[in-house]
Amino acid sequence: MESHDRSGGRYAPLDLSPEHFRAAGHALVDRVADLLATMRARPVTAGLSVSDVRALVDVFGRMPDEGSDVDLVLSQATDLLTAHSLFNGHPKFLGYITSSPAPIGMLADLLAAAVNPNVGAWTLSPVATEIEAQTIRWIAELLGYPEESSGLLVSGGNEANFVGVYAALRAVFPRGGSERTLERMGKATIYASSETHTWIEKALDMFGLPPDALRSIRVDAARRLVLDDLAQRLAADVQDGRVPVAVIGTAGTVSTGAIDPLPAMAALCRQHRVWFHVDGAYGGFAAMIPSAPDDIRGLALADSVAVDPHKWLYAPLEAGCALVRDPAQHRAAFSYHPPYYNFGVEATNFVDYGPQNSRGFRALKVWMGLRQVGRRGYERMIADDIALARALYERLAADARCEAATLSLSIATFRYVPEAYRHRSGDVAAEEYLNTLNKALQGRLEVSGELFVSNAVIDGRYLLRACIVNFRTSARDIAEIPDIIARHGEAIHTELQR
């Protein structure tokens, strides 16, 4: 173990000499480069059980009393992670909405950790603060959102949505205002479709709103919010003395990628003077591509927006972004200034715009990625993902072994259907069997290492779900998927018939 005396005799076993750090860093970068070079040849996942993986880590036993050689620690950690992880950067990882991480983002995280700025106050992070502010302006520009809006980088979609809805809540019930009574807050109401991600339930619970504060709005056959239902519920609640706080629109639902009628929702919110928030965590960045649906461009009309650079900007985790149209309302929701906060300069202090005080430098990897490929590069990559999802959907629709169900943005849903169960629409027993079969199929694919997909349940049908936010996925990968699905599906069907 290495010890250094560069601090006046201070015991500092965590320190490394520049030479040792350089050698250890180069060795690690070489290992990471090898991982990237061999990604396609590797299985998506090793498919180990919980007990198997736990046993791998339990080899290291109890917390050590004495330390170990840094090179050994780095080598063992690299071995564990590169041999036994699920790789969301693999070209056949199409599960959930986690993108392949950009290599420049990996290097950015190393640089950010080396400088280690606390991006809560400008004085603690002058350059980092200005880079984050510029990143937020660039993201707003990509979305067609007002550049004079405010925002900040957060952990992901949940927190970005929390920021927007909390700003809405404080706009209606200002801190210290006469409107903020228990009786009036008990009438607070938020409107969201039944397809909205579960962050909304978490937000209401965290913010102390009662369970009946949420109005679940119907969706149509395409899983989009039904505007007439929203309008009727808003009008009825106002008549009953409720206090509408916010309407939530979604730009790319988790299950199917559906896009709510955002422009019409924005107009309705203006009519009722209600805050309009858009959850664009997944689909929001698709608004930048020339072929984007008109509905998704409506997020530019929202009072607040959540997007995730660690989804369709391909930044390594974590990187979410909250944008708020009115900076004053945004700051009023989060700014507290006790006597021990003396920032000393007039500048942006991100502690005033979100729930964190100590904040890491998440923006660097996003900023560097935007600089590396520019707007046009992201437009092309997002459009390619969408085109690959369409190609997958069309291949599955033309394959008698599969049933294509939905397609929106870069999400396609489908299921495997054995020959004996085709053309049995409405047969309850057949549907139950297909649900059982496809649930088992998803579980087998998750551990196979060949392909990783998630699931969606639509109108009672258990479907497989492929979401492509992966710049490594190619047309060749898409062409191989139907045979992988059918091979595993047929094997499970045979087992179930025994």
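Quick note: the coordinates plus some simple rules give every number you see, no bench work behind them. Just so it is clear, the model here is predicted, and its values are computed rather than measured. All Cβ positions, glycine included, derive from the backbone under ideal geometry; neighbour counts span all protein chains shown.
A few notes on this one:
- Computed 3J(HN,Hα) for region 261-267, one whole-Hz value per residue from the Karplus formula 6.51 cos²θ - 1.76 cosθ + 1.60 where θ = phi - 60°, is x, 5, x, 5, 5, 4, 5, glycine and proline marked x.
- Prolate/oblate/rounded call for the chain, Cα gyration tensor, a/c under 1.5 rounded: oblate
- Adding -39500 (n - 2.57) for every DSSP H run of four residues or longer, then dividing by how many residues the chain holds, sets the calculated 222 nm ellipticity at -14500 deg cm²/dmol.
- Bridging of LYS202 to lysines at a Cα separation below 29 Å is possible for LYS187, LYS311, LYS365, LYS439, once same-chain residues fewer than 8 apart are set aside.
- For the chain, a crude dipole built from +1 on the beta carbon of Lys and Arg and -1 on the beta carbon of Asp and Glu, taken about the Cα centre, is about 740 debye to the nearest 20.
- Reported to the nearest whole Å, the Cα centre-to-centre distance from region 14-67 to region 81-107 is 15.
- Leading residue at positive end of dipole, region 1-79 (Cβ point charges), from THR45, PRO64, SER75: THR45
- Within the chain, percent of DSSP bridges classed antiparallel, to nearest 5: 60 percent
- Derived scalar couplings ³J(HN,Hα) [region 413-423; Karplus, 6.51 cos²θ - 1.76 cosθ + 1.60; whole Hz; x for Gly, Pro]: 10, 6, 8, 8, 10, x, 3, 5, 10, 7, 6
- Percent of beta bridges antiparallel (DSSP, region 117-360, rounded to nearest 5): 40 percent
- For region 374-497, the orientation-averaged shadow of the C-alpha convex hull comes to 7.7 nm² (one quarter of the hull surface).
- Fewest-first ranking of TYR462, TYR341, using other Cβ atoms within 10 Å as the exposure measure: TYR341, TYR462
- Region 289-315 versus region 461-498: alpha-carbon centroid distance in Å: 29 Å
- Measuring between their Cα centroids, region 228-258 and region 167-198 lie 13 Å from each other.
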